[in-house]
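Have a look at the structure below before the remarks.
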Amino acid sequence: MFSSPVISILRGVLKGDSPSIENQNRLAESQFSFPNISLKTKLDYFPIAYQSIDDTCAKIGFSEAENLVLLWRVWLPLALQIHRKKQQKSSAIIQGILGLQGTGKTTLATILRLILMELGYNTVTLSIDDIYKTYSERQQLQKEDSRLILRGPPNTHDVDLGIELLDNIREGKCPVSIPRFDKSACEGMGDRSHPEIVNKKIDILLFEGWFVGVQPIKEQVFQSPPFPIVTEDDRQFAIDNNRRLEAYLPLWNRLDGLIVLSPIDYRLSQKWRKEAEQKMIAEGKGGMSEADVNQFVEYFWRSLHPELFITPLIESKRGVDVVIEIDSNHLPTRVF
């Protein structure tokens with residue numbers, strides 16, 4: 001992925017060099033295919049886009065080579081696609097980003113926001129976590145359905161709050177109150193924190209989450225479900241969550257498109273979570289054991305199994321702008 005000649009050419013572009021025809025061909029061969037984004041357009045925007053993300057990427061831990069290549073191959077063309085959408089629409093753009101844990105959806109939203117701000121658009125990020133029901137509401141939910149032991153599955157979000165927010169943004173209302181969620185509140189159970197007040201009209205909202213845009217599926221699929229949907233109770237929990245997805249459709253219908261970050265194997269999300277927890281333990285911060293991680297991740301697979309819900313969405317491309325395939329090193333390998 002990180003070809004030395006390509007990195008050298010991109011460094012030259014940052015310095016104002018105009019690539020030779022041979023080097024333009026090298027850049028063209030190194031890029032992923034994004035419709036209607038020309039090589040010239042990318043070269044024109046590349047220096048200002050790099051400047052907008054450099055400091056943030058350094059804090060995240062990306063190397064210079066990763067910054068250059070990821071910006072060239074993924075981040076900039078995605079930002080330019082959203083830029084093109086906004087040029088064709090007077091109201092705000094609501095761009096969905098779907099990805100399992102570890103695929104980099106939050107990082108992508110952060111990077112895209114910086115680039116789009118540099119292009120002149122007031123851009124705000126929103127996680128599906130930000131519209132969780134309050135701690136007290138989720139406590140009541142758990143009394144009503146003891147299976148909702150963790151926040152995250154369908155029905156743990158305030159969908160009406162999300163719809164109202166997206167409508168306010170689409171209608172250009174100002175100021176807008178953006179809900180925010182504090183995962184550390186209530187001894188780690190999480191609760192709403194103070195909202196972010198945006199006093200300038202929002203041009204683009206980047207709405208990311210682990211099941212943003214996911215559609216209900218036919219219930220006969222649950223007759224032979226994948227692991228860890230094993231017992232009859234597991235199967236009923238999966239069916240109930242599938243039915244609860246219906247309530248989210250009005251929210252998804254307000255999206256102007258969906259970027260899907262798809263690992264080459266959904267089970268990588270479990271591996272990545274274990275690595276993250278092991279790193280935290282090594283740093284003395286405390287973290288989940290391997291058994292705890294397995295229980296945690298498998299709970300979400302029983303809720304909305306990636307094989308059942310994300311794979312069909314990718315295959316149908318319903319409402320999907322682009323799918324970015326992610327390898328075991330968290331790096332993009334293919335765009336389609």
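Condition first: more than 27 Å from residue 276 (Cβ to Cβ), in contact (Cβ under 8 Å) with a residue 12 or more places away in the chain and assigned by TED's automatic domain parsing to the domain that holds residue 252. Can you find one or more residues in segment 46-65 that meet it?
No, segment 46-65 has no match at all.
Inspect all residues belonging to segment 63-76 and state whether any of them is in contact with a Ser or Thr (Cβ under 8 Å, 6 or more places away or on another chain), closer than 30 Å to residue 309 by Cα and part of a strand (DSSP E or B).
If we filter segment 63-76 for residues that are in contact with a Ser or Thr (Cβ under 8 Å, 6 or more places away or on another chain), which is where we start, we get 69, 72-73.
When the remaining residues are screened for being closer than 30 Å to residue 309 by Cα, the result is 73.
Of the ones still in play, those that are also part of a strand (DSSP E or B) are none.
Within segment 63-76 (the criterion being in contact with a Ser or Thr (Cβ under 8 Å, 6 or more places away or on another chain), closer than 30 Å to residue 309 by Cα and part of a strand (DSSP E or B)), the answer is no, since none of the residues qualifies.
Checking residue 59 against (1) under 16 Å from residue 116 (Cα atoms); (2) out of contact with any helix residue (DSSP H, G or I) (no Cβ under 7 Å at 6 or more places or on another chain), which test does it fail?
So residue 59 meets the others, but not (1).
Do we find that residue 331 is under 25 Å from residue 157 (Cα atoms) and surrounded by 15 or more Cβ atoms within 10 Å (Cβ to Cβ) in this structure? First the steps, then the outcome.
Numbers: under 25 Å from residue 157 (Cα atoms): no; surrounded by 15 or more Cβ atoms within 10 Å (Cβ to Cβ): yes.
Against the criterion (under 25 Å from residue 157 (Cα atoms) and surrounded by 15 or more Cβ atoms within 10 Å (Cβ to Cβ)), residue 331 does not qualify.
Residue 158 fails exactly one of the following numbered conditions: (1) surrounded by 15 or more Cβ atoms within 10 Å (Cβ to Cβ); (2) out of contact with any Leu (no Cβ under 6 Å at 6 or more places or on another chain); (3) touching a residue at least 40 places away in the same chain (Cβ under 8 Å). What is the number of that condition?
(3)
Mind checking whether some residue in segment 308-318 is of a type in the set (Lys, Arg) and over 30 Å from residue 85 (Cα atoms)?
Kept after step one, since they are of a type in the set (Lys, Arg), are these residues of segment 308-318: 317-318.
Right, trim to over 30 Å from residue 85 (Cα atoms) and you get none.
No, the conditions are met nowhere in segment 308-318.
Given the condition in contact with a strand residue (DSSP E or B) (Cβ under 6 Å, 6 or more places away or on another chain) and in the same structural domain as residue 255 (by TED's automatic domain parsing), answer yes or no: does some residue in segment 87-94 qualify? Walk me through how you get there before you give the answer.
Keep residues of segment 87-94 that are in contact with a strand residue (DSSP E or B) (Cβ under 6 Å, 6 or more places away or on another chain), which gives 93-94.
Narrowing further to those that are in the same structural domain as residue 255 (by TED's automatic domain parsing): 93-94.
Taking every residue of segment 87-94 in turn, at least one turns out to be in contact with a strand residue (DSSP E or B) (Cβ under 6 Å, 6 or more places away or on another chain) and in the same structural domain as residue 255 (by TED's automatic domain parsing).
Please work out if residue 8 is farther than 29 Å from residue 310 by Cβ, surrounded by fewer than 21 Cβ atoms within 10 Å (Cβ to Cβ) and among the small types (Gly, Ala, Ser).
Answer is yes for this residue.
Looking at segment 197-216 only, could you name the residues that are exposed (fewer than 14 other Cβ atoms within 10 Å of the Cβ) and either in contact with a Phe, Trp or Tyr (Cβ under 9 Å, 6 or more places away or on another chain) or in a strand (DSSP E or B) (or both)?
Answer for segment 197-216, where residues must be exposed (fewer than 14 other Cβ atoms within 10 Å of the Cβ) and either in contact with a Phe, Trp or Tyr (Cβ under 9 Å, 6 or more places away or on another chain) or in a strand (DSSP E or B) (or both): just 197.
Name the residues in segment 220-269 that are closer than 26 Å to residue 111 by Cβ and of a type in the set (Asp, Glu), would you?
256, 265
The values are calculated or read from the model by the stated rules, or taken from the named source; none is laboratory data. Because the structure is predicted, anything quoted here is derived from the model rather than measured. Note: ideal-geometry Cβ built from the backbone for every residue, glycine included; neighbour counts use all protein chains shown.
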